[in-house]
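**Q** Structure in structure tokens, see below.
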Amino acid sequence: MRIHYKNSYFSYLLMYFFYFFSLAVFSGYISVYLMDKGYHASQVSMVVSCSFILSMIIQPIVGYFNDHYSQKRLNMLILLLAAVLGIIFIYAQNIYMIALIYSLALGLFNAANPVIENMATLSRFSYGKIRIWGTIGYAVASKISGVIYDDVSPEAMYAFFTIGLILCVIGIYGTQNVKQIKTQKKEKTIGLFQKNFIIYLIIVCLFYAITNTNTTYLPAMFQNLGLSMNTISTVIFILTLSKLPIIYFSQYYMNRLTNKQLLIGIFLLLTIQFFIKQAMIVIIVSICTKAVSTMLFIMLNLKIVATIVDMKHQMSALALVQTCRNFGSIVFQFVAGYLIDFYSYDIFYLILCLLSIVGMVICIFYRIPSGNHQHLFD
């Protein structure tokens, strides 16, 4: 039985489903959870920004160890530590203690993300058939969390975070520990801190400043529009499931469209999403664009790093991308909280729209290899 489980499809299913299940129950409704406790949007931003600060510190360290030690054992340990912190978080009441525990748990959780994402391209199964379970896990958890929040207690969500991570670790145990990326090299790759990679890191900062802040406040914005938690969780559930065809059919377009075309398309989707103001249309457009653009960027990140960074530096490069993701999120999380407290959600989303246009312009003038020699999504 043990031999059959090792490197099985079921082990990858467990890992992906419960990794993203855990992410949804822990961070998906943090803005609603804290605001219902009486905290302001600026305080929510402080808590979320602290988590990005710690993630930014932890990520490069874990990236270095991933390049030199067993990725499986290291990330299993990291996620078990995060699981313990999830239980402790239930009992945190003071805003500063909430910020500390939430930040440590999410910082450790995020540190495992590059390896978890990379495993989908390194397994003997196609990317879409593996990564699709992460989306299903997030969607299921989004709906379950809303029900638990309304019918059991908000704190009960965080017990599910711990349970989910334990099951995720069981999944990681069964996966194959592969360190080399399967690519066919036809275009020249470069190391870290080259011009193309630095420009890409700027794009990463901008993209995640926009999308992570939107993810934080989207449930609260829906609540502000008069939706119940049960309805919000249903919207998030449907929104998340919109990723499924994007993932499942990735092999038909990710290896054919160029890096530049995909980047421009992603920022165009963001611009459309934030341009709409009418309540019901906001929900519909969010369902059609939010999860799609985020998932496209996650997949494109793997392709771009494989295109412009030497193989021996790729885990460090992925960790550096995560660091820049956290940095961009930190800066705008603080700004977003004050925009919402002192102005309105309309002003907040207008700023997101303008930043999306800036990102699209940068991508239009960005000279980057096509990346079509990569075959990460076969």
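**Q** Is it fair to say residue 101 is of a type in the set (Val, Ile, Thr), surrounded by fewer than 22 Cβ atoms within 10 Å (Cβ to Cβ) and without any contact (Cβ under 8 Å) to a residue 60 or more places away in the chain?
**A** yes
**Q** On the basis of being touching a Ser or Thr at 6+ places or on another chain (Cβ under 9 Å), within 14 Å of residue 140 (Cβ to Cβ), open to solvent by less than 10 Å² (accessible area, probe 1.4 Å) and part of a helix (DSSP H, G or I), does residue 16 make the cut? Steps first, please.
**A** Working: touching a Ser or Thr at 6+ places or on another chain (Cβ under 9 Å): yes; within 14 Å of residue 140 (Cβ to Cβ): yes; open to solvent by less than 10 Å² (accessible area, probe 1.4 Å): yes; part of a helix (DSSP H, G or I): yes.
It is true that residue 16 is touching a Ser or Thr at 6+ places or on another chain (Cβ under 9 Å), within 14 Å of residue 140 (Cβ to Cβ), open to solvent by less than 10 Å² (accessible area, probe 1.4 Å) and part of a helix (DSSP H, G or I).
**Q** Within region 42-61, work out how many residues are open to solvent by less than 10 Å² (accessible area, probe 1.4 Å) and either of a type in the set (Val, Ile, Thr) or modelled with pLDDT of 80 or more (or both).
**A** 7
**Q** Moving to a separate point now. Do any residues in region 117-136 that are within 15 Å of residue 7 (Cα to Cα) and open to solvent by less than 10 Å² (accessible area, probe 1.4 Å) have Cβ atoms under 8 Å from those of residues that are of a type in the set (Lys, Arg) and modelled with pLDDT of 75 or more, where the two are at least six apart or on different chains, and which pairs are they?
**A** Qualifying pairs under 8 Å: 120/131.
**Q** Among the listed residues 342, 332, 267, 327, identify the single one that is of a type in the set (Phe, Trp, Tyr), within 19 Å of the chain's Cα centre (by Cα), surrounded by fewer than 22 Cβ atoms within 10 Å (Cβ to Cβ) and within 24 Å of residue 49 (Cα to Cα).
**A** Within the list 342, 332, 267, 327, the selection yields 327.
Yes/no per residue for (1) under 16 Å from residue 332 (Cβ atoms); (2) not aromatic (Phe, Trp, Tyr):
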residue: 29; (1), (2): no, no
residue: 32; (1), (2): no, yes
residue: 38; (1), (2): no, yes
residue: 45; (1), (2): yes, yes
residue: 49; (1), (2): yes, yes
residue: 55; (1), (2): yes, yes
residue: 59; (1), (2): no, yes
residue: 62; (1), (2): no, yes
residue: 66; (1), (2): no, yes
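**Q** Filter region 294-318 for residues that are over 20 Å from residue 131 (Cβ atoms) and touching a helix residue (DSSP H, G or I) at 6+ places or on another chain (Cβ under 7 Å); which is most open to solvent (accessible area, probe 1.4 Å)?
**A** In this case the residue turns out to be 316.
**Q** Those residues that are within 17 Å of residue 165 (Cβ to Cβ) and surrounded by fewer than 19 Cβ atoms within 10 Å (Cβ to Cβ), I need them from region 137-154; list them, please.
**A** 140, 144
**Q** Which residue out of 73, 124 is more than 21 Å from the chain's Cα centre (by Cα), farther than 19 Å from residue 9 by Cβ and among the basic types (Lys, Arg)?
**A** Within the list 73, 124, the selection yields 73.
**Q** While we're on this one: Would you point out the residue of region 104-116, among those that are modelled with pLDDT of 85 or more and open to solvent by 10 Å² or more (accessible area, probe 1.4 Å), that is nearest to residue 54 (Cα to Cα)?
**A** 104
**Q** Need the failing condition index for residue 224 against (1) modelled with pLDDT of 80 or more; (2) open to solvent by 10 Å² or more (accessible area, probe 1.4 Å); (3) within 20 Å of residue 353 (Cα to Cα), just the number.
**A** Of the numbered conditions (1) modelled with pLDDT of 80 or more; (2) open to solvent by 10 Å² or more (accessible area, probe 1.4 Å); (3) within 20 Å of residue 353 (Cα to Cα), the odd one out for residue 224 is (1).
**Q** Right, something else. Give the residue that is most open to solvent (accessible area, probe 1.4 Å), with candidates limited to residues of region 236-256 that are without any contact (Cβ under 8 Å) to a residue 60 or more places away in the chain and of a type in the set (Ser, Thr, Tyr).
**A** The selected residue is 252.
**Q** Here's another thing I want to ask about it. Residue by residue through region 251-271, note down the ones that are over 19 Å from residue 368 (Cβ atoms), touching a helix residue (DSSP H, G or I) at 6+ places or on another chain (Cβ under 9 Å) and modelled with pLDDT under 85.
**A** Selection gives 251 alone.
The values are calculated or read from the model by the stated rules, or taken from the named source; none is laboratory data. These numbers come from a predicted model, not from an experiment. Glycine gets a Cβ as well: all are built from the backbone with ideal geometry, and neighbour counts include every protein chain shown. These accessible areas exclude ligands, DNA and RNA; they are computed on the full protein's heavy atoms, side chains included. Shrake-Rupley method; radii C 1.70, N 1.55, O 1.52, S 1.80 Å.
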